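One structure is given below, encoded as structure tokens.
The values are calculated or read from the model by the stated rules, or taken from the named source; none is laboratory data. The structure presented is a predicted model; accordingly, all values stated were derived computationally and were not measured. Reconstructed Cβ throughout: ideal geometry from the backbone, glycine too, with neighbour counts over all protein chains shown. Areas reflect the complete protein model, heavy atoms only, side chains present, ligands, DNA and RNA absent. Shrake-Rupley method; radii C 1.70, N 1.55, O 1.52, S 1.80 Å.
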Amino acid sequence: KVVPSFTGNRFCGSRVTGSPICSFTSTTSSTSGRPTPLPTIIETAVEIAREAGAILLNRLNVVGYELKGEFDIVTEADRASERLVVEKLSAAFPDHAIVAEEGGGQEGSSDYRWYVDPLDGTTNFSHGVPLFNVTMGLERGGEMIAGVIFDPVRNEMFQAERGSGAFLNGQRIH
């Protein structure tokens, strides 16, 4: 259950679990004159990170890799995860810029910029060591405002939004 409140251009509420949810609203207005709330940015990022994590888990023990520098490696899992993340972020937030580690990002027309590491821990992953995650951070006007880190092996979702604290699997940790 979400109890809405509108503050400026933000839609904020709280869940039954006590986890805060806030999102920036669209500029279009409903018939009541209030801004129409978008799905929360952080919830969208969480959903995308979970989907990308599933791709990584499905490819964990089927790894081929190549060097992208003298010591940097990239796997097909990196590329597949990045394709999904960039595609989903672009669909959800078409005016946001995306900077993705493997180069699959996009330019944007707003103050928002996503930073994506679709497989943080590629060396571990490529050697079958189950210590890796999907990392996404969101910047607005030069300030980091939100981020998610998903460890698909342990099913641990870390998420934070500026001013709302940090959470692990929905439980406040800071």
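In terms of accessible area, using a 1.4 Å probe and ignoring ligands and nucleic acids, M144, M157 rank largest first as M144, M157. Loop-located GluC sites (Glu not before Pro) in region 77-124 (DSSP state other than H, G, I, E, B) with a sparse environment of at most 16 neighbouring Cβ atoms within 10 Å: E107. If R0 is taken as 30 Å, the Cβ-Cβ distance between E76 and L131 corresponds to a FRET efficiency of 0.95. Approximating the spin labels as points 7 Å out from Cα along Cα→Cβ, the H174-to-E107 distance works out to 3.5 nm. The label point for N58 and the one for A91, both projected 7 Å from the Cα toward the Cβ, are 1.4 nm apart. Against the compact-protein benchmark of 2.2 N^0.38 Å, the Cα-based radius of gyration of region 116-174 scales to 1.24. Cβ-Cβ distance of N124 and E43, R₀ of 22 Å, FRET efficiency by 1/(1 + (r/R0)^6): the value works out to about 0.20.
Toward the positive end of the charge dipole of region 63-174, with +1 on the Cβ of Lys and Arg and -1 on the Cβ of Asp and Glu, the farthest Cα among S81, F125, N155 is that of N155.
As a size descriptor, the averaged projected area of the C-alpha convex hull of region 49-174 was calculated at 8.0 nm².
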